[in-house]
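Heads up: the structure comes next, in structure tokens.
FYI, it's all coordinate maths here, none of it is from the lab. Source: prediction; values computed, not measured. Here the Cβ positions follow ideal geometry from the backbone for every residue, glycine too, while neighbour counts run over all protein chains shown.
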């Protein structure tokens, strides 16, 4: 008899029984004939499932390695096919044999660790414990399945616990951004028993994405960040939180620099694998130089030398990782703030490569997890404009809440000269002029950007900066001439993550006290009355004289005016 338990916040159709079996117990269920309940995920949520996988007896020539569990990710609709529901849409499917399919499947993002598809390993699937984490963060879905079984194989004299994993990630389509998604499990010639007492849906941190699982059980080289391109002459920078199981000094972040191939592609080569504890390897490692200001086995109190203090400080540490290219030299630098919030460390590797080749960079972990910053946000007031500067490269094309983004290339006749950069990416530390409705602009972080912004006159600052009197122009919404850039008559503190224009940015016009944005909605002076300005006539934007102006935008004395 099955035991009952009290459950709250159940997923769609979730059972209140302690266990749920999917498939016939004799493993005769055919493909697409037995299904679990649907589990619903909103953005920035993760789902944990734990189940036991049972498969049919291995018979050479007839048994298939996919006769096990299958996971499906779909839209927020009932049913299991378009036949069941015409609105059904399947985003992704993956089976235990390291195969995936669906409109959002990306083959190179699928990875299996510690498993080879042979007879011995296939037999392990019968009775295997599966711990599966499905995470949805900022439009991305990642799946990590850790499988284990106690088996006796080959020359082993006693049963040994074997563990292996399968992982992947993919991006949801734009139309799913504001909708829930659903996940379900199915089987073929197998059955699974889901432990409902272990099922849990929890929140993740908005603006970050996870590599590994909160259980800190990710195997070596089994869970990965995005691939970040590092073109010649560029610098890539990432910010992340590092968490560790603390069972060994190596159970933390691992940084990997490769040629321009991905893990599953022919010709893939690891130039550098850099571990957080002053260890590394790779084809470029031997000829390079690794330096740091710490030793993994240190203890400031002198009581131990086994790395316990190091491991405590790495669990919850804050890391800014950069990869810089200069000619044939590459530099990987980790700026580490320990979990105590004060202890600072660095680890640096300098190596060489072909000066012109594109490199790839990614992060992984072993028995830990990483929370990688994936978004930058900027609050925009009712004025509709703001300056901004990020220490990371940004993808403005896929920003949300953003009307346009510009670099400023100069000024003429008191009006800024601007170039839109919204259609692509911009490098780290680029000074930007953002246009948006009142609210929050969200911008994805990317590893690097090759966009040329050298013509920009805006000086971006990621930390507060004291600007001397008359040394530049700052954006103001409440000045005497309305919204625009005003020369600072007095010393001025430029806020962190903002930008200003230097006093000589417009060449011969540097004597001007004000530059307008030349925007129809904001770079204007507002008239509070419907009476014409002194001796002025009103014209519409087509140049026609208007005798009785109503609410709207007009030209008066050569300037744009809003009538309210």
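Computed from the C-beta positions of residue 550 and residue 412 and an R0 of 35 Å, the FRET efficiency is 0.65 to the nearest 0.05.
For the range 238-373, pairs of C-alpha atoms spaced more than 27 angstrom apart make up 20 percent of the total.
For 38, 43, which order do you get if you count the other beta carbons within 10 Å of each Cβ and list the fewest first? All intermediate terms of the calculation are to be shown ahead of the outcome.
Working: 38 22, 43 18.
Listed from fewest to most nearby Cβ atoms, that is 43, 38.
Between residue 157 and residue 24, the simple label model (points 7 Å from Cα in the Cβ direction) yields a spacing of 4.4 nm. Spherically averaged projected area of the convex hull of Cα atoms, the range 71-156: 7.4 nm².
The length gained by stretching the chain between residue 490 and residue 99 to full extension, at 0.36 nm per residue less their Cα-Cα distance, is 134.3 nm. Between residue 120 and residue 281, the C-beta separation translates, for a Förster distance of 30 Å, into a calculated FRET efficiency of about 0.55.
Between residue 354 and residue 504, the simple spin-label model (points 7 angstrom out along Cα→Cβ) gives 4.2 nm. For the range 376-516, the Kirkwood estimate of the hydrodynamic radius, built from every pair of different alpha carbons, is 15.0 Å.
When only C-alpha pairs under 8 Å and at least 6 residues apart count, what is the relative contact order of the chain, in percent?
Details: 1473 pairs, mean separation 64.1, N = 564.
Relative CO of the chain lands at 11 percent.
Stretch residue 85-residue 203 to full length: gain in nm at 0.36 nm per residue minus the Cα-Cα span? Residue separation times 0.36 nm, minus the Cα-Cα distance, leaves 39.5 nm. Using R0 = 45 Å, the C-beta based FRET efficiency linking residue 379 and residue 193 works out to 0.40. Here the range 480-494 and the range 100-172 have alpha carbon centers that stand 59 Å from each other. The equivalent ellipsoid of the range 78-224 has semi-axes of 29, 18, 15 Å, largest first, where each one is the square root of 5 times an eigenvalue of the Cα gyration tensor.
The listed peptides 58-68, 491-501, 125-135, ordered by packing as a protection proxy, come out as 125-135, 491-501, 58-68 (highest mean of other Cβ atoms within 10 Å first). Only helices enter the 222 nm calculation for the chain: every DSSP H run of n ≥ 4 contributes -39,500 (n - 2.57), and dividing by all residues gives -500 deg cm²/dmol, rounded to 500. Take the Cα of residue 266, go 7 Å toward its beta carbon, and the backbone nitrogen atoms of the range 69-112 under 17 Å from that spot belong to 108.
Taking each pair of distinct Cα atoms in the chain once, what is the resulting Kirkwood hydrodynamic radius in Å?
Details: mean 1/r = 0.0366 Å⁻¹.
Over the chain, the inverse of the mean reciprocal pair distance is 27.3 Å.
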